[in-house]
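Asker: Sharing a structure with you now.
The values are calculated or read from the model by the stated rules, or taken from the named source; none is laboratory data. Source: prediction; values computed, not measured. No Cβ is skipped: glycine too gets one built from the backbone with ideal geometry, and neighbour counts run over all protein chains shown. Calculation scope for accessible area: heavy atoms of the full protein, side chains included, ligands and nucleic acids excluded. Shrake-Rupley method; radii C 1.70, N 1.55, O 1.52, S 1.80 Å.
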Amino acid sequence: MSLFDYTIKELEAKLHNHEITVEDLVKESYAQIKKVDGDVHAFLTLDEEKALEKARELDKCEDKSGILFGIPAGIKDNIVTKGLRTTCASQFLDNFTDPLYNATVVDKLDAENPVAVGKLNMDEFAMGSSNENSGYEPTRNPWNIDHVPGGSSGGSAAAVAAGEVLFSLGSDTGGSIRQPAAFCGVVGMKPTYGRVSRFGLVAFASSLDQIGPLTRTVEDNARVLEVIAGHDKMDSTSADVDVPAYTEALTGDVKGLKIAVPKEYLAEGVSEEVKNSVMEALKVYESLGATWEEVSLPHSKYALATYYLLSSSEASANLARFDGVRYGVRSENAKNMLDMFVKSRSEGFGDEVKRRIMLGTFALSSGYYDAYYKKAQKVRTLIKNDFDKILEEYDVIVGPTTPTPAFKVGEKTSDPLTMYVNDILTIPVNLAGVPGISIPCGFSEEGLPIGLQIIGNYFDESTVYRAAHAFEQATEHHKKRPQLGGAK
Amino acid sequence: MAEISKEQVKHVANLARLEFDDEAVEQMANELSAIIEYAEQLNELDTENVKPTTHVLDLKNVMRKDEPKKWITQEEALKNAPDQKDGQILVPSILE
């Protein structure tokens, strides 16, 4: 049995009782990375020496009682880490080896002393649903390496699934934590918009981006969110709302819980296997004393178009900062200043990033702003109102995280719209701003994980965790481990 | 308006400080046209009296005191610069 088969809480106890050392944990993490990462490609940057040094330092500490103390973790590569290379999986930032400060979430983790072993692969600038848009070797799914791990936090999900780290941080703009969590059979939480500080998260779409944890169990996830959540004066869009002790919400009791199941989330396009798993999950909830009813989120079908107009518009503005002047890779072919901007950006950005910058620039350009950008902002209001209405009457909304299990590498790369449809069940949650989690709820015939999405009310992550935890404890799906199948 | 022309792609590329060769311009025109055509479905909805949502939190004008603070040194600021001279970031000339 691997040390990584224990939960974070169990490992904290083992460290506290001197049964194991932090060095044992970090060595085990690196042993697994060396064993599997040549196939999985979850990591972009590793620093074994620094991690071992930190481990030995922590082993000397008298007080080992901290939450997450000594636990090996990975950080998505769009979260800035002082002195540790941060590339956003873009060749444009290939040489950004010495960031000057930590993101607030990294400082908050550091205060509790987990050990960051490295930086995790992703779709370039978080734009993608399969990790195939990484500027480096794309991450593969640990359950079957012929399949994608999902995206954009594909490295974050795969590293946890493959037992390389105990937890990771990801970011979610339209499903980028929940969709890869579903594909890799792990737990991924997108908190309420504003719950976690984005200071030091390289911005993609600022009205949607949110940082959250990926873990193997719901309890582990709640422990990490407790540490990283909260108001931050460095992020004016972080909300000044108290952070409850999420782990205390994990009572196992969902008697009387009122569940809404949107009929649009089980409609055409959602595979039979996924529908069946969700229906089975609802039976589990019934057996635990919860009730569910079918409801409607009537504007769901407009979410995808709304999202691509808004997120690309915001991205086109946010990514204007990459110009080759102060950091990043500068083109060597430029004759003058303007030429340097154009050539650095054209050589540095990958195809999907350019496509979104172009779409966003178009939607914001003179003559089209009202027809596309403003129209999408208005439809966003209608989508948000749908959620507000349902969440007045129900405690949580439950449905699938993705329409299908993980697809094959290369299967959806030829047409951008086909790829975008993957996020159709996660995108509305970002547009509304409410919290959502994906937890394992079954496996396909091929042996690939299926994710259950649980959505809650604003700042009510506690109820989402309570519902997720009760299901998890009543089932065995989270205990299965990937075997790195597929052709090598 | 669902067809984006090659001229429009070149105009938008200039705004975005990007450049594409002829083949890529044509491909971009096709891809953007398909995405915009898909987005036209939003016009099925009457949004005449709907307020736009810029973001979902009830936050307005978050202010702070404008106080100078130590942040990074000049040396640090130059650490990741592609080119530098005399303590400043060096860029190509604006005019050729």
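Asker: Return yes when A:Thr45 is in contact (Cβ under 8 Å) with a residue 12 or more places away in the chain, open to solvent by less than 50 Å² (accessible area, probe 1.4 Å), assigned to a loop (DSSP other than H, G, I, E, B) and touching a strand residue (DSSP E or B) at 6+ places or on another chain (Cβ under 8 Å) and no when it is not.
Answerer: Numbers: in contact (Cβ under 8 Å) with a residue 12 or more places away in the chain: yes; open to solvent by less than 50 Å² (accessible area, probe 1.4 Å): yes; assigned to a loop (DSSP other than H, G, I, E, B): no; touching a strand residue (DSSP E or B) at 6+ places or on another chain (Cβ under 8 Å): yes.
No: the conditions fail for A:Thr45.
Asker: Can you find even one residue in the range A:292-304 that is under 24 Å from B:Gln27 (Cα atoms), part of a helix (DSSP H, G or I) and polar (S, T, N, Q)?
Answerer: First, the residues of the range A:292-304 that are under 24 Å from B:Gln27 (Cα atoms): A:304.
Retained after the next criterion (residues that are part of a helix (DSSP H, G or I)): A:304.
If we keep only those that are polar (S, T, N, Q) as well, we get none.
No, the range A:292-304 contains no residue that is under 24 Å from B:Gln27 (Cα atoms), part of a helix (DSSP H, G or I) and polar (S, T, N, Q).
Asker: Let me ask something additional. Checking the structure you have, find out if any residue of the range A:363-371 is open to solvent by less than 20 Å² (accessible area, probe 1.4 Å) and in a helix (DSSP H, G or I). Before the answer, list the steps.
Answerer: So in the range A:363-371, the residues open to solvent by less than 20 Å² (accessible area, probe 1.4 Å) come out as A:363, A:365.
Right, trim to in a helix (DSSP H, G or I) and you get A:363.
Within the range A:363-371, one or more residues are open to solvent by less than 20 Å² (accessible area, probe 1.4 Å) and in a helix (DSSP H, G or I).
Asker: Looking for whichever is more than 7 Å from every other protein chain (Cβ to nearest Cβ), assigned to a helix (DSSP H, G or I), aliphatic (A, V, I, L, M) and open to solvent by less than 70 Å² (accessible area, probe 1.4 Å) here; the options are B:Ala29, B:Ala39. Which one fits? Talk me through it step by step, then tell me what you get.
Answerer: On the way: B:Ala39 fails: more than 7 Å from every other protein chain (Cβ to nearest Cβ).
Of B:Ala29, B:Ala39, the one residue that is more than 7 Å from every other protein chain (Cβ to nearest Cβ), assigned to a helix (DSSP H, G or I), aliphatic (A, V, I, L, M) and open to solvent by less than 70 Å² (accessible area, probe 1.4 Å) is B:Ala29.
Asker: How about the range A:86-107: which of its residues are surrounded by fewer than 17 Cβ atoms within 10 Å (Cβ to Cβ) and touching a Ser or Thr at 6+ places or on another chain (Cβ under 8 Å)?
Answerer: If the condition is that a residue be surrounded by fewer than 17 Cβ atoms within 10 Å (Cβ to Cβ) and touching a Ser or Thr at 6+ places or on another chain (Cβ under 8 Å), then A:Asp94 is the only one that fits.
Asker: Just to be sure I understand, how many residues within the range A:314-338 are more than 9 Å from chain B (Cβ to nearest Cβ), in a helix (DSSP H, G or I) and small (Gly, Ala, Ser)?
Answerer: 2
Okay, residues lined up against (1) touching a strand residue (DSSP E or B) at 6+ places or on another chain (Cβ under 6 Å); (2) of a type outside the set (Lys, Arg); (3) facing chain B (nearest Cβ under 10 Å):
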position	(1), (2), (3)
A:Lys343	no, no, yes
A:Asp351	no, yes, yes
A:Leu359	no, yes, yes
A:Tyr369	no, yes, no
A:Tyr373	no, yes, yes
A:Lys378	no, no, yes
A:Asp395	yes, yes, no
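Asker: With A:Asp63, A:Asp110, A:Asp59 as the choices, which residue is open to solvent by 10 Å² or more (accessible area, probe 1.4 Å) and either within 22 Å of the chain's Cα centre (by Cα) or within 14 Å of chain B (Cβ to nearest Cβ) (or both)? Outline the logic, then answer.
Answerer: Values: A:Asp63 fails: either within 22 Å of the chain's Cα centre (by Cα) or within 14 Å of chain B (Cβ to nearest Cβ) (or both); A:Asp59 fails: either within 22 Å of the chain's Cα centre (by Cα) or within 14 Å of chain B (Cβ to nearest Cβ) (or both).
Result: A:Asp110 is the single residue among A:Asp63, A:Asp110, A:Asp59 that is open to solvent by 10 Å² or more (accessible area, probe 1.4 Å) and either within 22 Å of the chain's Cα centre (by Cα) or within 14 Å of chain B (Cβ to nearest Cβ) (or both).
Asker: Would you list the helices (runs of 4 or more DSSP H) that sit entirely within the range A:386-478 and hold 1 or more residues that are of a type in the set (A, V, I, L, M, F, W, C) and open to solvent by 10 Å² or more (accessible area, probe 1.4 Å)? Before you say what the answer is, go through the steps one by one.
Answerer: Working: elements: A:416-420, A:427-432, A:461-474.
Of the helices (runs of 4 or more DSSP H) lying wholly inside the range A:386-478, those with at least 1 residues that are of a type in the set (A, V, I, L, M, F, W, C) and open to solvent by 10 Å² or more (accessible area, probe 1.4 Å) span A:416-420, A:461-474.
Asker: Out of the residues in the range A:231-247 that are in contact with a helix residue (DSSP H, G or I) (Cβ under 8 Å, 6 or more places away or on another chain) and within 11 Å of chain B (Cβ to nearest Cβ), which is nearest to A:Tyr193 (Cα to Cα)?
Answerer: Step one: of the range A:231-247, the residues in contact with a helix residue (DSSP H, G or I) (Cβ under 8 Å, 6 or more places away or on another chain) are A:232, A:234-235, A:243-247.
With within 11 Å of chain B (Cβ to nearest Cβ) added as a condition, the list becomes A:234-235.
Details: A:Met234: 16, A:Asp235: 12 Å.
Per the criteria, the residue is A:Asp235.
Yes/no per residue for (1) open to solvent by 10 Å² or more (accessible area, probe 1.4 Å); (2) in a helix (DSSP H, G or I); (3) among the β-branched types (Val, Ile, Thr):
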| position | (1), (2), (3) |
| --- | --- |
| A:Ser152 | no, no, no |
| A:Gly174 | no, no, no |
| A:Leu208 | no, no, no |
| A:Leu214 | no, no, no |
| A:Ser236 | yes, no, no |
| A:Tyr265 | no, yes, no |
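Asker: For the range A:368-387, indicate whether the set of residues that are more than 30 Å from B:Ala16 (Cβ to Cβ), under 22 Å from the mean Cα position of the chain (by Cα) and of a type outside the set (Gly, Ala, Ser) is non-empty.
Answerer: Going through the range A:368-387, the residues more than 30 Å from B:Ala16 (Cβ to Cβ) turn out to be A:385-387.
From what is left, the residues that are under 22 Å from the mean Cα position of the chain (by Cα) are A:387.
Checking which are of a type outside the set (Gly, Ala, Ser) leaves us with A:387.
Within the range A:368-387, one or more residues are more than 30 Å from B:Ala16 (Cβ to Cβ), under 22 Å from the mean Cα position of the chain (by Cα) and of a type outside the set (Gly, Ala, Ser).
Asker: For the structure I just gave you, tell me whether B:Lys51 is open to solvent by 90 Å² or more (accessible area, probe 1.4 Å), outside any helix (DSSP H, G or I), more than 7 Å from every other protein chain (Cβ to nearest Cβ) and of a type in the set (Lys, Arg). Give the derivation first.
Answerer: Details: open to solvent by 90 Å² or more (accessible area, probe 1.4 Å): yes; outside any helix (DSSP H, G or I): yes; more than 7 Å from every other protein chain (Cβ to nearest Cβ): no; of a type in the set (Lys, Arg): yes.
No; evaluated as a whole, the condition is false for this residue.
Asker: Same structure again: Looking at the range A:70-85, which of the residues that are part of a loop (DSSP other than H, G, I, E, B) and under 18 Å from A:Lys108 (Cα atoms) is most open to solvent (accessible area, probe 1.4 Å)?
Answerer: So the first thing to find is which residues in the range A:70-85 are part of a loop (DSSP other than H, G, I, E, B), and the list is A:70-71, A:77-78, A:80, A:82-83, A:85.
The next check asks that each one be under 18 Å from A:Lys108 (Cα atoms); those that pass are A:70-71, A:77-78, A:80, A:82-83.
Details: A:Gly70: 0, A:Ile71: 0, A:Asp77: 0, A:Asn78: 5, A:Val80: 13, A:Lys82: 119, A:Gly83: 37 Å².
Per the stated criteria, the residue is A:Lys82.
Asker: Which of the following residues is under 16 Å from the mean Cα position of the chain (by Cα), among the hydroxyl-bearing types (Ser, Thr, Tyr) and more than 14 Å from chain B (Cβ to nearest Cβ): A:Ser176, A:Ser90?
Answerer: Details: A:Ser90 fails: under 16 Å from the mean Cα position of the chain (by Cα).
Within the list A:Ser176, A:Ser90, the selection yields A:Ser176.
Asker: In the range A:301-349, how many residues are in contact (Cβ under 8 Å) with a residue 12 or more places away in the chain and charged (D, E, K, R)?
Answerer: 7
Asker: Taking only the range A:275-323 into account, find how many residues are β-branched (Val, Ile, Thr) and open to solvent by 40 Å² or more (accessible area, probe 1.4 Å). Step through it out loud before you land on a result.
Answerer: Of the residues in the range A:275-323, the ones β-branched (Val, Ile, Thr) are A:278, A:284, A:291, A:295, A:306.
So of that shortlist, the ones also open to solvent by 40 Å² or more (accessible area, probe 1.4 Å) come out as A:291.
Here the count works out to 1.
Asker: Pairs needed: first member in the range A:386-397, modelled with pLDDT of 95 or more; second member anywhere, part of a helix (DSSP H, G or I); C-beta distance under 7 Å; at least 6 residues apart or different chains.
Answerer: Matching pairs, first to second residue: A:Phe387/A:Ala432; A:Asp395/A:Thr463; A:Val396/A:Thr463; A:Val396/A:Val464; A:Val396/A:Ala467; A:Ile397/A:Ile390.
Asker: Could you run through the range A:204-230 and say how many residues are of a type in the set (A, V, I, L, M) and within 13 Å of chain B (Cβ to nearest Cβ)? Talk me through it step by step, then tell me what you get.
Answerer: Taking the range A:204-230 as the starting set, the residues that turn out to be of a type in the set (A, V, I, L, M) are A:205, A:208, A:211, A:214, A:218, A:222, A:224-225, A:227-229.
Next, from what is left, pick out any that are within 13 Å of chain B (Cβ to nearest Cβ): A:205, A:208.
Qualifying residue count for the region: 2.
Asker: For the range A:339-354, give me each residue that is part of a helix (DSSP H, G or I) and either within 12 Å of A:Leu93 (Cβ to Cβ) or among the basic types (Lys, Arg) (or both).
Answerer: At the first step, the residues of the range A:339-354 found to be part of a helix (DSSP H, G or I) are A:339-348, A:351-354.
Those that are part of a helix (DSSP H, G or I) and either within 12 Å of A:Leu93 (Cβ to Cβ) or among the basic types (Lys, Arg) (or both): A:Lys343, A:Ser344, A:Arg345, A:Gly348, A:Val353, A:Lys354.
Asker: Which of the residues that make up the range B:85-96 are at the interface with chain A (Cβ under 9 Å from one of its Cβ atoms) and part of a loop (DSSP other than H, G, I, E, B)?
Answerer: Hits for the range B:85-96 are B:Val91, B:Pro92, B:Ser93, B:Ile94, B:Leu95, B:Glu96.
Asker: Here's something else I'd like to know. Within the range B:71-84, is even one residue more than 10 Å from chain A (Cβ to nearest Cβ), open to solvent by 100 Å² or more (accessible area, probe 1.4 Å) and over 26 Å from the mean Cα position of the chain (by Cα)?
Answerer: Checked the range B:71-84: at least one residue is more than 10 Å from chain A (Cβ to nearest Cβ), open to solvent by 100 Å² or more (accessible area, probe 1.4 Å) and over 26 Å from the mean Cα position of the chain (by Cα).
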